[in-house]
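The next block holds one structure in the form of structure tokens; read it before the comments.
The values are calculated or read from the model by the stated rules, or taken from the named source; none is laboratory data. These figures come from a predicted structure and were not determined experimentally. Cβ placement follows ideal geometry from the backbone for every residue including glycine, while neighbour counts extend to all protein chains displayed. Please note that ligands, DNA and RNA were not included when accessible areas were found on the heavy atoms of the full protein model with its side chains. Shrake-Rupley method; radii C 1.70, N 1.55, O 1.52, S 1.80 Å.
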Amino acid sequence: MLLLRVPCRKITFHALAVVAVTQFALGASNISPLGKRPEWSSLKQYQETITHDEFARLLQNIYCPRGVDAELILIDSEGARLTIDREEKSYFNLRFARDEQSQKPAPRSWRPATALPTAPKNLDLAGIKVAIDPGHIGGRWAQMEERWFQVGDSKPVQEGDMTLRVAKLLVPKLRRLGAKVSLVRDKAEPVTPKRPADMTEVAKQILLRGGEATPREDFSGPTDPEKEHTIRWQDELLFYRNSEIRARAEIVNAQLRPDITLCLHFNAEAWDDPRSPRLTDHNHLHLLVNGSYSQAELEYDDVRFEMLQRLLSRAHQEELPLAESSAAAMARRTELPPYEYTTENVIKVGATGYVYGRNLIANRLFQCPVVYYEPYVMNSDEVFWRIQEGDYEGIRNVNGTDRPSIYREYADGVVHGLLDYYRAARNKPRR
Ligand SMILES: [Zn+2]
């Protein structure tokens, strides 16, 4: 869930925190909260692996559609001057390839579909390494991570449990088609060894820079209007939204090293009080690839470095057509209309109308093509009753409409999206 109509308070405070941290970190390398100091010298492996035109096209159309400060990334016909530290005026100079014929291959741990051998009959996904990341944590963490609501005494809706259920349906389906499948999380527990209490120092720094010299320790609950200004809320957010996803990135990048990662989510619209949530008649679908970085985000040395790594690895060249095939297959199965964003932090990409570029910590840090699924509005009338029905075989009449299990519909949509993509893309020559 991405909370499409985010209450303005959260945005305002978050934006404040971004700027504050940047100011806070200036003078030392300005790193985002819990971020890692980048190894700029590692970009040496990308020398002469991309032409000026392709670098400029990806930078302007996908990664920095709202522009980037020339003091941070300066392009000329020969190369790009990448700022390592604005204060110290230190730079990394990336040399472009003269042309596509002379460009060297971009080093990466994942394999594009074009590099995969022909698939044996009925095993269209043979040999593809797929990592599945069931979004959020679920279980007893569902309320803390604000992915929980309950209508009366009906079954609570917990996104983290629902994504894990879809993931567990997907594993055998993809394996039967020949894929090597791993779950980044396989139970309703965090993979990070950290806990909220480990975050307090960083939380206090963020609050201090947000103007909170003596922040409240605690908040009264999910509807507390001042919760973002408290240490506990910041602790928890840093734990489940930052530390947890960085721990998952470690697993993906160091252990699994997949060809693709599928991030499974369910969407929602603002439901206000989770104990008496607002249900809506809006229901829609969209998918995300990495892109659309803001100027404030690019000020972070680690975020800017991670963006450049993605750009130079050409992950976009793989994740966009993959996301487009997946969107088309999901749309056919769910018959959901595309979501139209009302916020500025995305860019529409591709031709299906369902895929957007957005800078999320997961699709930035996972060093492989990532498809982020955001089907169904959990707090829509239609979806609420399907969730209450749970998982089942066959067709049932749910709230007056004959439906398959929402979990199986989701899983089938993912499978067919991958099949459509790999059947078409494998062994097709590419630039
Ligand atoms: Zn989610």
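Observations, loosely collected:
- Its Cα centre serving as origin, the stretch 176-301 has a Cβ charge dipole (Lys and Arg +1, Asp and Glu -1) of approximately 640 debye.
- Other-chain or far-sequence residues with amide H under 5 Å of Val398's (modelled H): Arg403
- Nitroxide proxy distance, nm - points 7 Å out along Cα→Cβ at Gln101 and Glu393: 6.1
- Counting only Cα atoms, the stretch 282-418 measures 52, 28, 25 Å along its principal axes, largest extent leading.
- Using a Förster distance of 22 Å, the FRET efficiency for Leu208-Glu88 (Cβ separation, nearest 0.05): 0.30
- Nearest-20 debye value, the chain charge dipole, Cβ charges on Lys, Arg, Asp, Glu: 1560
- In the chain, a dipole from Cβ-located charges (positive for Lys and Arg, negative for Asp and Glu) runs towards its positive end, and of Leu34, Ala115, Gly390 it is Ala115 whose Cα lies farthest in that direction.
- Under the Debye formula (equal points on every Cα, no solvent term), log10 I(q)/I(0) of the chain at q = 0.06, 0.09, 0.12, 0.14 Å⁻¹: -0.25, -0.58, -1.04, -1.41
- Distant-in-sequence amide H partners of Tyr91 (H built 1.01 Å from N, under 5 Å): Ile84
- When the Cα atoms of the stretch 362-431 are aligned to their principal axes, the ranges along those axes come out at 50, 27, 15 Å in descending order.
- Cα shape, the stretch 268-348, gyration tensor, a/c 1.5 rule: oblate
- Accessible area per residue, Å², the stretch 233-332 with all protein chains present, probe 1.4 Å: 26
- Prolate/oblate/rounded call for the stretch 45-171, Cα gyration tensor, a/c under 1.5 rounded: oblate
- Per-residue HN-Hα couplings for the stretch 256-268 [Karplus 6.51, -1.76, 1.60; θ = phi - 60°; Hz; x = Gly/Pro]: 7, 6, x, 7, 8, 10, 9, 9, 9, 9, 10, 9, 7
- Selection from Ala167, Ala268, Ile137 lying farthest towards where the dipole of the chain points positive, charges on Cβ: Ala167
- Three-way shape label, the stretch 317-371, alpha-carbon gyration tensor, a/c 1.5: oblate
- Per-residue Karplus couplings for the stretch 354-360, computed as 6.51 cos²θ - 1.76 cosθ + 1.60 with θ equal to phi - 60°, are listed in order as 9, 10, 10, x, 8, 8, 10 Hz, Gly and Pro entered as x.
- Extended-chain gain in nm, criterion 0.36 nm per residue less alpha-carbon gap, Gln45 and Glu217: 57.3 nm
- Computed 3J(HN,Hα) for the stretch 107-122, one whole-Hz value per residue from the Karplus formula 6.51 cos²θ - 1.76 cosθ + 1.60 where θ = phi - 60°, is x, 6, 8, 9, 10, x, 4, 5, 8, 8, x, 4, 7, x, 4, 6, glycine and proline marked x.
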